[in-house]
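Worksheet for the structure shown next.
Taken together, the values in this text are just the output of simple stated rules run on the coordinates, not laboratory data. No experiment lies behind these values; they were computed from the predicted model shown. Because the Cβ atoms are built from the backbone with ideal geometry, glycine has one as well, and the counts that use them run over all protein chains shown.
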Amino acid sequence: MTVPAKPRPEFRNINAFKDLTTYRMPAAAWVSILHRVSGAIMFLLLPFIIWLFDTSVSSEISFARFRAAFNVGLWFVPGVIVKLVALALIWAFLHHLIAGLRHLYMEVTHKLTKEFGRSSAMAVLVLSLGLTVILGAKLFGIY
């Protein structure tokens, strides 16, 4: 005797508080969302990036001030916070770059299967986080 299969839930009106909290997004959805977030982070922190570049190449005195911002701090912001903001920028750049290359590769080679999308999305997440950990260790002086 076979047991009838449990019917799949049918979502006509999604309740944002009840249904969205239990929904599991695939890795490709996370990569897509994080790609947009990383682009927004880079755009919003563009003045900080310009300041970093300007103070690092202007003169020897400004380069010393640049290094001191990471060790001592900048105005009222401690150096650890400056390093965390730089780490966020590192992650945003790496994730945006790797996810963009994934997207371009998928368009050029026409590899638009679900399996390739899942595996390449996991590769983007692992690579961007792994490289961020390595560069973050260098930023915080672990090696």
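Quick notes
- Boolean, residue 62 is closer than 26 Å to residue 116 by Cα and either in contact with a Gly (Cβ under 9 Å, 6 or more places away or on another chain) or of a type in the set (Ser, Thr, Tyr) (or both): no
- Residue check, residue 141 touching a Leu at 6+ places or on another chain (Cβ under 7 Å) and either surrounded by 13 or more Cβ atoms within 10 Å (Cβ to Cβ) or of a type outside the set (Asp, Glu) (or both): no
- Within the stretch 69-88, the set of residues being exposed (fewer than 14 other Cβ atoms within 10 Å of the Cβ) and of a type in the set (A, V, I, L, M) comprises 72, 77, 80, 81.
- Failed criterion for residue 58 (all others in (1) surrounded by 12 or more Cβ atoms within 10 Å (Cβ to Cβ); (2) closer than 25 Å to residue 30 by Cα hold): (2)
- Residues of the stretch 12-30 that turn out to be free of Cβ contacts under 8 Å to residues at least 12 places away in the same chain and within 23 Å of residue 114 (Cα to Cα), as a count: 6
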